[in-house]
Amino acid sequence: MEHHSSHHLSGSSVAEWIPMLLVVTLALGYVSALVKLKSKDLTWSAWHSISFGLGTGLLGIALHPQLMQWAHHDLRGHMVQHLLLGMFAPIFLVLGAPVTLALKTLPVKVARGVTAILRSKVFYLFSHPVVALLLNIGGMYILYLTPLYNVSLTQPWLHYIIHLHFLLAGYLFCWSMIGLEPVPQRPGLRVRIFVLFLNIALHAFLSKLMYAYLLPHNSPHPEEQIREAAKLMYYWGDLSELLLTIALFALWYQKRHRSKNQISSLSVS
Amino acid sequence: MNSQKENLNPSRSMQAGALVGIGIMAGVDEIIFHQILAWHHFYDGSTTEVALLTDGLLHAAELVAIVAGFFLLMDLRRSNALINIRAWAGFFLGLGGFQLFDGIVDHKVLRLHQVRYVDNLLPYDLGWNAVGLLLLLIGLFLLKKARQSDKNSVSVAA
């Protein structure tokens, strides 16, 4: 992550490092919040910090210029990048609980603003599992089933927007699945499990469609490469969904214990 | 002692075990037969879109089942509600049930894929379903034993 100071960089390659710089900024923001937290003597689980560190590390790999170049001409590279940006990194970033950390460390006025947003109806709607599912998996169906993918190969700005969409939609989806951060109301566990089930099924279905019908259509990639990419999407996508499912249930398990203890301590007193 | 007994939850113990069993059997199929032996693949060139979608739904269900089952078992154990023999009965019923379901519905009704692509498929199909039946019978046997031990403990208490 820190090699960007090395060597003489030409104009174009400086631009290539911009996504990496954003990732480093994100990591530094989290670290500075941790420092602030310590000065306030507030506790923070090390697991959150480790998880967020892992998440930014995965983002760093996904946005490394070499991987970006590979991803630009090879569908397998594109798929690796998609898996990292949209599926693996978001899980770890969400488990880092950045919103909770921000609420604890931001100035009171700003924190109130954030809380107001979290309480708003618009936010509830946007972060609803069904909406997040449509944005996340719907975006993928549009990308691979329409000519959008081929257009993105010739339009660099579109390429960046698609990456950003992968990351944001993936993050929103994981955020709505893993009930970690404090919001006033959240759809119930059954809704979330059902949406997760749909997401896994639709992801597996899309990757098999890509394998069987060599999607995206009319792309410059050879047949074998598309098949390899579809397999990467199927098997590695599966692993990320498994991790997400474990995270969802692990949090349920933890919360259930807490609420049970609260009930028993209430009944004792 | 008495309050601990009241806590026990036979039906949920069995359900959680069954969830794990279904998930594990599906996982074994994917890892051993798809990946290691490569007898059949995740797409065999003749399946339709509907079959692929059904396959995806099944796959999603098994993945959620295995994780949900494990966490339910952990939760039952934490609240002293787990009955081991019931969970094992559920586990074997889940294993056998899925194996038979896969062997009959997936392979024969939906024709998603066959066990192995050879001229004489019959021994493979018979073997596949016989294993399923055997696992199912183990589950039923354990369930019978669990019921017997319940009866015994009731008669002792009376």
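Over the whole of A:110-119, what's the average partner chain Cβ count within 10 Å per residue? Rounded to a whole number, please.
The mean count of partner-chain Cβ atoms within 10 Å per residue comes to 0.
Whole-Å semi-axes of segment A:100-144's equivalent ellipsoid, largest first, each the root of 5 times a Cα gyration tensor eigenvalue?
Equivalent-ellipsoid dimensions as semi-axes: 30, 12, 7 Å.
In chain A, which whole DSSP H runs stretch at least 20 Å along their own axis (Cα) and average 0.0 or higher on the Kyte-Doolittle scale?
Those that pass (Cα extent of 20 Å or more, hydropathy at least 0.0) are A:18-39, A:46-62, A:129-145, A:156-177, A:189-213.
Expected output is a single nm value to one decimal: the length gained when fully extending between B:Leu53 and B:Leu126, i.e. 0.36 nm times separation in residues minus the C-alpha distance. What is it?
Length difference between fully extended and current span is 23.6 nm.
Counting other C-beta atoms within 10 Å, which of A:Lys208, A:Lys255 has the fewest, and how do the rest follow?
Numbers: A:Lys208 24, A:Lys255 13.
So the ranking, lowest neighbour count to highest, is A:Lys255, A:Lys208.
What FRET efficiency do you get for A:Arg258 and A:Tyr141 if R0 is 35 Å and r is their Cβ-Cβ distance, rounded to the nearest 0.05?
My answer for the efficiency is 0.35.
Report the net charge of residues surrounding A:Leu153, where surrounding means a beta-carbon distance below 15 angstrom and charges are Lys +1, Arg +1, Asp -1, Glu -1.
Around A:Leu153, the charge tally is 0.
For B:Lys108 and A:Ala250, what is the calculated FRET efficiency with R₀ set at 41 Å and r taken between the beta-carbons, to the nearest 0.05?
0.60
Determine the shielding of peptide A:245-255 by partner chains: average, over its residues, the number of Cβ atoms on other chains within 10 angstrom of each Cβ.
4
Please give the average number of partner chain Cβ atoms lying within 10 Å of the Cβ of each residue in A:200-212, rounded to a whole number.
Numbers: counts 8, 11, 4, 3, 10, 9, 2, 4, 10, 5, 0, 4, 7.
Per residue, the average neighbour count from other chains is 6.
With 20 Å as the limit, write out which pairs from A:Lys109/A:Lys255; A:Lys121/A:Lys255; A:Lys40/A:Lys109; A:Lys231/B:Lys108 have Cα-Cα distances beyond it, or answer none.
Among A:Lys109/A:Lys255; A:Lys121/A:Lys255; A:Lys40/A:Lys109; A:Lys231/B:Lys108, the Cα-Cα distance tops 20 Å for A:Lys109/A:Lys255; A:Lys121/A:Lys255; A:Lys231/B:Lys108.
If you wrap a convex hull around the Cα atoms of chain A, how much volume per residue is inside, in Å³?
Roughly 151 Å³ of hull volume per residue.
Residues in segment B:72-88 near a label at B:Lys145, defined as backbone nitrogen under 19 Å from the 7 Å Cα→Cβ point?
Flagged as within label range: B:82-88.
What order do you get for B:9-19, B:48-58, A:190-200 when each peptide is scored by the mean count of other beta carbon atoms within 10 Å, highest first?
Working: B:9-19: 21.8, B:48-58: 16.9, A:190-200: 18.5.
Averaged packing, sorted descending, gives the order B:9-19, A:190-200, B:48-58.
FYI, it's all coordinate maths here, none of it is from the lab. This one's a predicted model, so the numbers in the text were calculated from it and none came from an experiment. For neighbour counting, all protein chains shown are included, and Cβ atoms are generated from backbone atoms with ideal geometry for every residue, glycine included.
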